[in-house]
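For reference, the structure discussed in these notes is given below.
The values are calculated or read from the model by the stated rules, or taken from the named source; none is laboratory data. From a predicted model like this one, the values you see are computed outputs, not experimental measurements. The protein model used for the area step is the full one, side chains on, heavy atoms only, and it has no ligands, DNA or RNA in it. Shrake-Rupley method; radii C 1.70, N 1.55, O 1.52, S 1.80 Å.
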Amino acid sequence: MLKVGLTGGIGAGKSEVSRLLVAAGAVLIDADKIAREVVEPGTPGLAAVVEAFGEDVLAPDGSLDRPKLGAVVFADAEKLAALNAIVHPLVGARSAELEQTASADAVVVHDVPLLTENGLAPLYDLVIVVDASPATQLDRLVRLRGMSEEDARARMAAQATREKRLAIADIVIDNDGPLEGLSERVAEVWADLERRARA
């Protein structure tokens, strides 16, 4: 089994890269998706978040109001750390469970937005960083996700710097250009990953 950590700044196009890798045959373990699952209504995770941040972070239906919680934690490093202390261990445990179900010769891609920030690179055989310039990230967040420029900049500032991400990369996928080029680059990377998994 080849364990790959996949990361990139918000708006860099990591989700598109993970989609292309899955299409090629990778087993995907999506930390963001798991992070949502571990705070669904009725979970110990949601109970812990409400205990830490109050009932205000709940939507009327009892689910987590993610935008409201985001507005609280992205503006305050201590609150963000408190949230991460609740969610990250739950995500780690569930990721390990999912990894154990993959075949012995699988390429398992862990899509982890905060891989750099949380010092998780040593957990993987190699790390792929999807890279885009800050100007490209900002443009995508505002134009494609409908964020205000202020919110987009705050989200980007809450993450590791581009330099710190690139420093832990074994493979860099440049995603500053059009999608066609991205597909070709991911195909090259996939061929490399398959070789490594067989070695």
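Residue by residue, the stretch 72-87 carries 3J(HN,Hα) couplings of 6, 7, 6, 9, 8, 4, 5, 5, 5, 4, 5, 5, 4, 5, 7, 7 Hz when phi is fed to the Karplus relation 6.51 cos²θ - 1.76 cosθ + 1.60 (θ = phi - 60°); x denotes Gly or Pro.
Can you give the Rg to Rh ratio for the chain, taking only C-alpha atoms and Rh from Kirkwood? Result: Rg/Rh = 0.97.
Using alpha carbons only, how many angstrom separate the centre of the stretch 41-59 from the centre of the stretch 64-122? If we compute the Cα centre of each part, the gap is 17 Å.
Of the solvent-accessible surface of the chain, computed with a 1.4 Å probe and all protein chains present, 54% belongs to carbon and sulfur. Counting DSSP beta bridges in the chain, what percent are antiparallel, to the nearest 5? Bridges in the chain are about 5 percent antiparallel.
Counting only residues at least eight positions apart within a chain, or on another chain, the lysines with an alpha carbon under 22 Å from that of K14 are K3, K33, K164.
A 1.4 Å probe run over the chain, with the rest of the protein chains in place, finds 53 Å² accessible per residue. Looking at the square roots a ≥ b ≥ c of the eigenvalues of the Cα gyration tensor of the stretch 72-153, which shape do they give, rounded for a/c under 1.5, prolate if a/b is larger than b/c, or oblate? Because a/c hits 1.5 or more and a/b fails to exceed b/c, the stretch 72-153 counts as oblate.
The string of couplings for the stretch 18-29 from the Karplus curve (6.51, -1.76, 1.60, θ = phi - 60°) is 5, 4, 5, 5, 5, 4, 6, x, 6, 8, 9, 10 Hz, one whole number per residue in order, with x for Gly and Pro. The angle between the Cα long axis of helix 179-198 and the main principal axis of the chain comes to about 70°, on a 0 to 90 degree scale. Report, in degrees rounded to the nearest 10, the 0 to 90 angle that the Cα long axis of helix 44-53 makes with the longest principal axis of the chain. Once rounded, the angle reads 60 degrees.
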